[in-house]
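Asks: One structure is given below, represented as structure tokens, and several questions about it will come after.
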Amino acid sequence: MTEAAVHTEPQTLEVALKVWRYDSRTGERELVRYEVEAPDWVTLLDVLDIIKDRVDGTLAYRKSCRMMICGSCGMRMDGAAVLACRTRMKEIVEAGHVPVISAMGNLPIVKDLVVDMEPFWSKVRAMKPWLQSGYEEPPEHEWRASQEQMNVIHKEALCIMCGCCVSECNSMESDPEFLGPAALAKGMRFVGDPRERNQVERLNAYNEEHGIWDCTRCYFCNERCPKGVDPRDAIAKLGAESIKHGIDHDMGAKHAKWFVTSAKTTGWLRETELVPKTQGVVSAIKQTKFAMGLLRHGKVPLPFPPHVAEEVDEARALYNVVKQQGRDGALGHVQGERALARIDHPDDAGAHGGQGYRDSPDITPGEPPVQRDIGEDPHGQQTR
Amino acid sequence: MKTVAYYRGCLASLSAKELDTSTRALAPKVGLELVDLETVTCCGAGDIHEAEPDYYLHLNARILAYAEATGSDTLMTVCNVCTLNLRQANFMLSNDDVLRERVNANLESVGAPPYSGGVDVRHLLWLIAEGDGYELLKQAAHKGLKGLRVAPFYGCQILRPSRLLGFEDPDRPWSLEAIIEACGGEPVDYPAKIKCCGFPIIQAREETALGELIQPIEQAIERGADAMVTPCPLCHLSLDAWQSKLEASTGRHFALPILHLSQLIGVAAGIEESELKFKRHVVSVKPVVEKLSV
Ligand code: SF4
Ligand code: SF4
Ligand code: FES
């Protein structure tokens, strides 16, 4: 790079923001408009820094790394949670838009854009985010986890704990005790770790009242996550692992299993029986008055004759074939992740089966790592 | 006429038959010829995806394969949940040859056709919110909605995750508004139009679900809506059938009529009540019908 190129003045922007200021001691709220001049490469975080530096030193927000690593700078722009350091302003300014910046949702506000993260951390802690290994010490060399084994938790391990997913979780708005997307994704990160030995205990804990079956599948978490963790998909992995381990006492699990039974017996949902199969017969009877109201409007189809798809034996046979191939549990989700990643990265090598690694379908999450002799390793790691 | 394979899904075959009849009556007016899929099953509604993901993939591959066998390049859905489940499986199968080959071998082993990846899954909403469909819609909706104030309710799984749906900005959708306007209605804007109706957990976690359901109902009424329209029969079931439960939990009375997308356009296009089947709704649609007939 030439000297001249280094010193070229960047273009500048006139950036305007409206920020919801808030003081938790007085409860005062105020929408304040700021306008500053800034280089055209600025992020939202840079703009807040300029405001704090030159206009109003009392503005409060969190930051540290400025490079999407630390997870400190989660906040809302026009109601949608973003990392401030990941959000470039140029296009927004050029569109003539003045965004509204506010604190994340589902967490108490301390001041301005700073939220109290304690409810977030306490849910993460409730997941016991450490390995409960219990396997034997390797006799000679180290244990190795294969790439295929790590693929099971590759996405979950990317979480930077920013809280953007939690901010807009629709179930958490309604049930603040819901463990929520970030904590449950962390749970899957340990359930799927090949070194972990307490899968069943963990799954039982995550199946409790405010656990995985609280999720309403609004997909806000996947939409907002800046790191591609896809917490909703992590919850689906936990659901599949729970069913695989026979942990199906929750009404949510029974509901899910009834769809499987319906598909392989009639092909279509056996809607009338869904309530008793989910809630149990006693609760279903308590719902009778409500159900009779629905019946009047044809909202409860009569179970006989059942609605049966033509050629339903195909769907049933398919079930048996699939079950024999053993892609139960989280693995059934993991096998699709490569293909879905190619939506965002279409040039990924191996998009059509050629180059690049493939997920081995034969790894069960939680399967212990193999011990390999270093001498046999083609990459010959010499250090011990 | 555009020929599309028509995937009804469970609800339109069962408790939301009015969605099926109104869709069939509407289709020719907006340039769609529907080819029925008789041999397909449920898409799993997200539940089979969660419980038995490999079976989910196969069931949806089978639906896509039968759609492809009709010769059409489009599988039309009328439900958000079907749309997401089928599109997700379609992406998995189309972007991974090894995975598709295994699934196809399994399909063929039970006598189903294999799937080559040649079908696009599109919701009815997307087919008529722009392009030729929209032009035809404007002509068809000649009876108009006479300024009826309609709250659009999108629901979740037609917007998010946007990388799998991708039709419109999930935070600023416009398609339902465009259709309401084309029918001569007035769209009512409110924040919860992109949020959850609570349906997926309405049986397992009723209280949590009702805490979600109340938001769109309350906000739409506050902003003066005469009715609400949704492209999803599961949202419809929750908004319509469970609305009465909000009264028990809040002590307040709500009576907001909820219309399926094809019913709203159907009213504007002069489709008969025998096809729209408003009597099948729990919350009475009478106030809307009366307002439009004066
Ligand atoms: S899952 Fe994503 S959005 Fe949620 S805390 Fe982790 S990185 Fe942030
Ligand atoms: S999909 Fe589930 S976990 Fe994710 S934001 Fe919605 S309710 Fe919360
Ligand atoms: S400042 Fe660290 S992630 Fe934004």
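Asks: Might you let me know whether the range A:149-159 holds any residue that is away from chain B (no Cβ under 14 Å), touching a Lys or Arg at 6+ places or on another chain (Cβ under 6 Å) and within 16 Å of ligand 3 (Cβ to nearest atom)? Walk me through it before giving the result.
Replies: Within the range A:149-159, the subset away from chain B (no Cβ under 14 Å) is A:149-150, A:153-154, A:156-159.
Applying the additional criterion that residues be touching a Lys or Arg at 6+ places or on another chain (Cβ under 6 Å) yields A:153, A:156-158.
Checking which are within 16 Å of ligand 3 (Cβ to nearest atom) leaves us with A:158.
Scanning the range A:149-159 turns up at least one residue that is away from chain B (no Cβ under 14 Å), touching a Lys or Arg at 6+ places or on another chain (Cβ under 6 Å) and within 16 Å of ligand 3 (Cβ to nearest atom).
Asks: Shifting gears a bit: Condition test on A:ASP78, is it among the acidic types (Asp, Glu) and either surrounded by 19 or more Cβ atoms within 10 Å (Cβ to Cβ) or within 16 Å of ligand 2 (Cβ to nearest atom) (or both)? Give the steps one after another, and end with the answer.
Replies: Values: among the acidic types (Asp, Glu): yes; either surrounded by 19 or more Cβ atoms within 10 Å (Cβ to Cβ) or within 16 Å of ligand 2 (Cβ to nearest atom) (or both): no.
When the stated conditions are applied, A:ASP78 does not pass them.
Asks: Moving on. Kindly list the number of the only condition in (1) among the hydrophobic types (A, V, I, L, M, F, W, C); (2) over 18 Å from A:LEU294 (Cα atoms); (3) at pLDDT 95 or above that fails for B:LEU256.
Replies: B:LEU256 satisfies every listed condition except (2).
Asks: Tell me the strands (runs of 3 or more DSSP E) entirely within the range A:1-119 that contain at least 3 residues that are within 16 Å of ligand 3 (Cβ to nearest atom) and either at positive phi or touching a residue at least 24 places away in the same chain (Cβ under 8 Å) (or both). Even if it seems obvious, please write down each step before you answer.
Replies: Details: elements: A:12-23, A:28-39, A:74-77, A:80-83, A:100-102, A:109-111.
Passing ranges, in order: A:74-77, A:80-83.
Asks: Return the pair list, or none, for Cβ contacts closer than 6 Å from residues in the range A:156-178 that are at positive phi to residues that are more than 7 Å from ligand 2 (Cβ to nearest atom), at least 6 apart or on different chains.
Replies: A:MET161/A:GLY71; A:GLY163/A:GLY74; A:GLY163/A:MET104; A:GLY163/A:PHE120
Asks: Okay, moving on. Do we find a residue being away from chain A (no Cβ under 14 Å), farther than 26 Å from B:ARG8 by Cα and among the small types (Gly, Ala, Ser) anywhere in the range B:271-294?
Replies: Yes.
Asks: Identify the residue in the range B:209-226 that is surrounded by fewer than 24 Cβ atoms within 10 Å (Cβ to Cβ) and touching a Gly at 6+ places or on another chain (Cβ under 8 Å) and, among all such residues, is nearest to B:PRO257 (Cα to Cα). Steps first, please.
Replies: Of all residues in the range B:209-226, those surrounded by fewer than 24 Cβ atoms within 10 Å (Cβ to Cβ) come to B:210-211, B:214-215, B:218-219, B:221-224, B:226.
When the remaining residues are screened for being touching a Gly at 6+ places or on another chain (Cβ under 8 Å), the result is B:210-211.
Values: B:LEU210: 17, B:GLY211: 19 Å.
Result: B:LEU210.
Asks: Need a quick list: helices (runs of 4 or more DSSP H) entirely within the range A:123-214 having at least 3 residues that are over 19 Å from the mean Cα position of the chain (by Cα) and either aromatic (Phe, Trp, Tyr) or not assigned by TED's automatic domain parsing to the domain that holds A:CYS70 (or both). First the steps, then the outcome.
Replies: Details: elements: A:147-151, A:164-167, A:170-174, A:180-191, A:199-206.
Hits in the range A:123-214: A:147-151, A:199-206.
Asks: In the range A:216-274, which residues are more than 7 Å from chain B (Cβ to nearest Cβ), within 16 Å of ligand 1 (Cβ to nearest atom) and in a helix (DSSP H, G or I)?
Replies: Answer for the range A:216-274, where residues must be more than 7 Å from chain B (Cβ to nearest Cβ), within 16 Å of ligand 1 (Cβ to nearest atom) and in a helix (DSSP H, G or I): A:CYS221, A:ARG224, A:PRO231, A:ARG232, A:ASP233, A:ALA234, A:ILE235, A:LYS237, A:LEU238.
The rows are residues; the columns are (1) more than 9 Å from every other protein chain (Cβ to nearest Cβ); (2) surrounded by 19 or more Cβ atoms within 10 Å (Cβ to Cβ); (3) farther than 20 Å from A:GLU337 by Cβ; (4) in contact (Cβ under 8 Å) with a residue 24 or more places away in the chain.
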{"position": "B:GLN88", "(1), (2), (3), (4)": "no, yes, no, yes"}
{"position": "B:MET92", "(1), (2), (3), (4)": "no, yes, no, yes"}
{"position": "B:VAL98", "(1), (2), (3), (4)": "no, no, no, no"}
{"position": "B:GLU108", "(1), (2), (3), (4)": "yes, no, yes, no"}
{"position": "B:PRO113", "(1), (2), (3), (4)": "yes, no, yes, yes"}
{"position": "B:ASP120", "(1), (2), (3), (4)": "yes, no, yes, yes"}
{"position": "B:LEU124", "(1), (2), (3), (4)": "yes, yes, yes, yes"}
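The values are calculated or read from the model by the stated rules, or taken from the named source; none is laboratory data. All values reported here derive from a predicted model rather than from experimental measurement. Glycine also receives a Cβ, built like all others from the backbone with ideal geometry; neighbour counts cover every protein chain displayed.
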